[in-house]
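J.: I'd like to ask some things about the structure below.
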């Protein structure tokens with residue numbers, strides 16, 4: 001059997017219990033066709049980059065699947081008819097990851113707004129000349145020079 005990672009986006013106005021019911025429904029489809037469902041990760045309600053079917057947010061869910069291709073095709077066929085599913089994507093993989101996905105890992109390596117250096121703490125600009133003295137050499141032009 002082949003290994004797949006499947007991600008689907010569910011509408012924002014359904015509850016998380018209804019998302020779990022969708023997962024159970026599609027898990028039943030896979031298992032009825034002789035496949036197995038591994039890890040299921042609910043990534044939660046996230047903002048979409050652009051609207052999809054008039055929705056600005058969606059529930060993201062990842063499912064690891066070990067099943068024949070026919071089972072995955074049947075699951076995708078049923079997802080096409082479900083109005084609660086906005087998008088889905090299935091990717092064939094070499095091995096299923098048992099560790100938490102990147103979306104579930106906490107990322108603390110990004111600097112937060114309070115951790116940024118202040119404007120006065122900028123690094124030295126090297127051999128670049130200061131701009132405040134360069135303006136003295138240039139001829140001044142009045143604002144109304146174009147209208148004359």
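The values are calculated or read from the model by the stated rules, or taken from the named source; none is laboratory data. All values reported here derive from a predicted model rather than from experimental measurement. FYI the Cβ positions are ideal-geometry reconstructions off the backbone, even for glycines, and counts take in every protein chain you see.
J.: Would you mind stating whether residue 83 is closer than 14 Å to residue 7 by Cβ and either at pLDDT 95 or above or assigned to a loop (DSSP other than H, G, I, E, B) (or both)?
T.: Criteria not met by residue 83.
J.: Further question: Answer yes or no as to whether residue 21 is more than 22 Å from the chain's Cα centre (by Cα), free of Cβ contacts under 8 Å to residues at least 60 places away in the same chain and under 20 Å from residue 87 (Cβ atoms).
T.: So residue 21 fits the description; yes.
J.: So, of the residues in the range 33-75 that are in contact (Cβ under 8 Å) with a residue 24 or more places away in the chain and part of a helix (DSSP H, G or I), which turns out to be farthest from residue 4 (Cα to Cα)?
T.: Across the range 33-75, the extreme among qualifying residues is 74.
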